[in-house]
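Have a look at the structure below before the remarks.
The values are calculated or read from the model by the stated rules, or taken from the named source; none is laboratory data. From a predicted model like this one, the values you see are computed outputs, not experimental measurements. Here Cβ is always computed from backbone atoms with ideal geometry, including for glycine, and neighbour counts include all displayed protein chains. Side chains included, ligands, DNA and RNA excluded: accessible areas come from the protein's heavy atoms. Shrake-Rupley method; radii C 1.70, N 1.55, O 1.52, S 1.80 Å.
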Amino acid sequence: MAKYLFVTGGVVSALGKGIAAASLGNLLKARGLNVVLQKFDPYLNVDPGTMSPFQHGEVFVLEDGAECDLDLGHYERFTDTNHDQHNNLTSGRVYETILSNERKGEYLGRTVQVIPHVTDEIKKRITMSAEKNPDIDVVITEIGGTVGDIESLPFLEAIRQFRLDMPWNDTASVHLTLVPYIPTAGEIKTKPTQHSVRELRGIGIQPDFLMCRTIQPIGKEARSKIALFCNLPKENVFDGTDAKSIYEVPLNLHAQNFDGLLCQRFGLETEEPDISSWERMVKVILNPTDTVRIAIVGKYVELKDAYKSISESFVHAGIPNHVAVDQVWVDSEELEASDVGERRMKEIFEDCHGILIPGGFGDRGIEGKISAIRFARTNNIPFFGICLGLQCAMIEIGRDMVDLEKACSAEFDPTAAHQVINLMEEQKKIKNMGGTMRLGSWPCHLKPGSRAYFSYGQLEIAERHRHRYEVNNDYRDRFEEAGVVFSGTSPDGGLVEIMELPTHPFFVGVQFHPELKSRPHRPHPLFKSFVAAAVEHQNMCREDEAQRQAETDTDDESKSSRSEA
Ligand code: GLN
């Protein structure tokens, strides 16, 4: 029988519930338990796939093609386990199921209501993963939003009922709250936490554990006060002081024996976890020997969550390269202004030793991305294009190297003369927007001897996708004649998955999203090679600079010795 842990949040949003849930999953896994994490979101979209990244951050895609909340990315990165479509539920999905059942007459004439029909459907989804896989020991379910929101009530009511239905030690609840530090008073305040727990208890859920998010350690006195007012033992009140790296959080929780107390609460007997390799990894992240700057040119740069997995992939890829990757966010529209000449580009990308163009939709900022690619290509700066990034690279090369002045993508200009990127055949008849792209894991065959092959070290790979457009096969020959190598294709050769320029130090575009499979212990091969190329470029620039400096010094010396003479 699986154990069920529920993670809720109060006071404010953005407390890092996803990281907390993922960190607990990480520790339980280190104790030898089989863990699955799931996110239940109260909004009415059926999944986040149709939402703008400005609304909801990145859409994380799973192996099976499910378009999910970005917290699923944290779950996979912290537990190194692939999840599936059942691990992300929204109110929209619940209602979609209920309304379709109702139309089929499955409720036998009864009035369909929030209680019991919506709550029953939610309860069914809580246990679904463990029912499918009897090896699962612990199911961690994170509830999106903040306690007190109208929308999350059915989820919390379902949890209340579920806990009542189950034996006491089969379920537990962790609540994250904010303990603000008031600088003028020089102290932290526990009142918002008391109110938030009161709210939760009003719904009928007494939390078993509290994780207090704060910028100042909470200290003994505040801990006792919180425990007393929130009706739980003080050992169960944990300090969640901001960490320097999210990967430190499991270590901080383990130092307070959160995982030990959790197992005790569930009556699970496990070994002490071996977290030494995680500790070593965190040590490398926190003590880089050097820094390399990489520019990310995108359209959603004001909201870092929009490119969460890319940012994390850089952290992972920095580990084997022993560097911290300083990510410089550049708004692609900024590169579109008519006065952005080569000089201004040099200023914008000053000290950047790599340029990455991430995925995206729509034509806003496209010409800026194309200019950035041209800058990277002609200045031998390592370039990595992801999905839309590959498509823009094809346009740039088409215009400059293949003599297709009007090269474009059908997505931005359906009437363009040379649509080097066009809609995939199976996309042409699709009308609905939700869940209809080419999604999830697809196999890819690599060309022996290519850069992609050397990065992966194997010929057959599989990567996750989320796109409607592809490289137009009608133009492939002309691109190859111009020097482009299509180094990754679908096994039948019909779809381009990777393109590269072998004459450039690192110029790689991929149609898939490598960032979705990067894990801290297993950085993605292409991110690893891209960061290595950026480090190499930086070293070369430093050598050039040192040589220039030496030449200027010799010049100065000879000038002064001549004047002395
Ligand atoms: N908009 C492009 C397409 O649909 C690229 C998608 C992406 O970058 N994820 O093909």
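The table below lists the values:
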item: In Å², nearest 10: area of residue 215 left accessible to a 1.4 Å probe; result: 110 Å²
item: Cleavage-rule hits (GluC sites (Glu not before Pro)) in the stretch 106-136: DSSP loop, at most 13 neighbouring Cβ within 10 angstrom; result: 106
item: FRET efficiency for residue 235 and residue 458, using Cβ-Cβ distance with R0 set to 56 Å, rounded to 0.05; result: 0.70
item: Computed Kirkwood radius, in angstrom, where 1/r is averaged over Cα pairs of the stretch 190-262; result: 12.8 Å
item: Label point distance in nm, residue 406-residue 305, each placed 7 Å from Cα along Cα→Cβ; result: 4.3 nm
item: Protection-proxy order for peptides 75-84, 139-148, each taking the mean of Cβ atoms within 10 Å per residue, highest first; result: 139-148, 75-84
item: Trypsin sites (Lys or Arg not before Pro) within the stretch 315-405: DSSP coil, no more than 16 neighbouring Cβ in 10 Å; result: 364
item: Nearest-0.05 FRET efficiency for residue 272 and residue 544, computed from C-beta distance (R0 41 Å); result: 0.20
item: Helical mean residue ellipticity (222 nm; -39500 (n - 2.57) per DSSP H run of 4+; nearest 500) of the chain; result: -12000 deg cm²/dmol
item: Solvent exposure ordering (accessible area, 1.4 Å, most first) of 278, 442; result: 442, 278
item: Extended-chain gain in nm, criterion 0.36 nm per residue less alpha-carbon gap, residue 557 and residue 185; result: 127.9 nm
item: Cβ-based net charge around residue 382, under 13 Å, with every Lys or Arg adding one and every Asp or Glu removing one; result: +2
item: Accessible-area order (highest first, 1.4 angstrom probe) of the listed residues 239, 555, 413; result: 555, 413, 239
item: In the stretch 396-448, GluC sites (Glu not before Pro) in a DSSP loop with at most 13 other beta-carbon atoms within 10 Å; result: 405
item: Compactness index (Cα Rg / 2.2 N^0.38 Å), the chain; result: 1.08
item: Mean projected area (nm²) of the alpha-carbon convex hull when the stretch 7-57 is viewed from all directions; result: 4.6 nm²
item: Residue-level accessible surface for residue 433, protein heavy atoms, 1.4 Å, Å²; result: 130 Å²
item: Residue 224/residue 519 FRET efficiency (R0 45 Å; Cβ-Cβ; nearest 0.05); result: 0.70
item: Carbon + sulfur, % of accessible area of the chain - ligands and nucleic acids excluded, 1.4 Å; result: 49 percent
item: Cα centre as origin, Lys/Arg/Asp/Glu Cβ charges: the chain dipole, Debye; result: 1800 debye
item: Lysine pairs within the stretch 176-314, Cα separation less than 23 Å, 8 or more sequence positions apart or different chains; result: 15
item: Part-to-part distance (alpha-carbon centres) for the stretch 176-194 and the stretch 487-543, which is given in Å; result: 45 Å
item: For q = 0.29, 0.32 Å⁻¹, Debye-computed log10 I/I(0) when each Cα of the stretch 356-406 counts as one equal scatterer; result: -1.19, -1.32
item: Accessible surface, per residue, of the chain when the full set of protein chains is kept, probe 1.4 Å, Å²; result: 44 Å²
item: Accessible-area value, residue 91, 1.4 Å probe, nucleic acids and ligands omitted, Å²; result: 10 Å²
item: Theoretical gain in end-to-end length, residue 132 to residue 347 [0.36 nm per residue, Cα-Cα removed]; result: 71.9 nm
item: Euclidean distance between Cα centres, the stretch 267-316 to the stretch 132-149, Å; result: 23 Å
item: Accessible area, probe 1.4 Å, largest first, for residues 96, 271, 67; result: 271, 96, 67
item: Chain lengthening between residue 54 and residue 257 when straightened (0.36 nm per residue, less Cα-Cα); result: 69.4 nm
